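Remarks on the structure that follows.
What follows draws every value from the coordinates through simple rules; no lab data is involved. On a predicted model such as this, the values are computed, not experimentally measured, just so you know. Here the Cβ positions follow ideal geometry from the backbone for every residue, glycine too, while neighbour counts run over all protein chains shown.
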Amino acid sequence: MKAKARRLFLRVFATLCGALLALPVPSMAETAKRQQKIADTFFIISSVDAKKHQIVLKLPTEVTEVVEVTPETTYRDELGRPLKFEDLRAGDTVYAVVVRKAGGALVVTSIRRGPMTVEELHRRYLKEEES
């Protein structure tokens, strides 16, 4: 009897694993297309250099970029309340709008501090289900 139950369990388990492999995974092109609709990008602040007016931003993929802040850069918290550059700390999770200047340097135009929620993850990176 135990052998029968074990075989049944293995069949069900194998079927479920096969079903998971059949789920659609968004392509890089689909993800990029979805990101074009969203102006800001999710980052983790790796370091803040107040003297140089620079921040090292890290993408969830571990890619880092050194970006400049200017007097025009706006800072907000999760609820939209104003922040100051001095309020930012290494380890903060932020949504930033980064643009490339003519000389090639990256400049942050706005930073909004806030977590990556499950809803936001789905909205940004997972394929929307069609009804």
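A simple spin-label model places pseudo-atoms 7 Å from Cα toward Cβ; at T93 and K51 they are separated by 3.2 nm. Between the amide H of S47 and those of V56, distances stay under 5 Å, these residues lying 5 or more places away or on another chain, with hydrogens modeled in the peptide plane. Between T41 and L83, the simple label model (points 7 Å from Cα in the Cβ direction) yields a spacing of 1.8 nm.
Pull out the extension gain between V66 and R100, defined as 0.36 nm times the separation in residues minus the alpha carbon to alpha carbon distance; nm, one decimal.
On the way: separation 34, 0.36 × 34 = 12.24 nm, distance 1.15 nm.
Gain on stretching V66 to R100: 11.1 nm.
Think of each Lys and Arg Cβ as +1 and each Asp and Glu Cβ as -1; about the Cα centre, that makes the dipole of region 38-125 roughly 140 debye. Sequence-ordered 3J(HN,Hα) estimates for region 44-58 from the Karplus curve with 6.51, -1.76 and 1.60 and θ = phi - 60° stand at 10, 6, 8, 7, 10, 10, 5, 5, 8, 6, 10, 10, 9, 9, 10 Hz, glycine and proline given as x. Residue by residue, region 70-80 carries 3J(HN,Hα) couplings of 10, x, 7, 4, 9, 10, 9, 8, 4, 9, x Hz when phi is fed to the Karplus relation 6.51 cos²θ - 1.76 cosθ + 1.60 (θ = phi - 60°); x denotes Gly or Pro.
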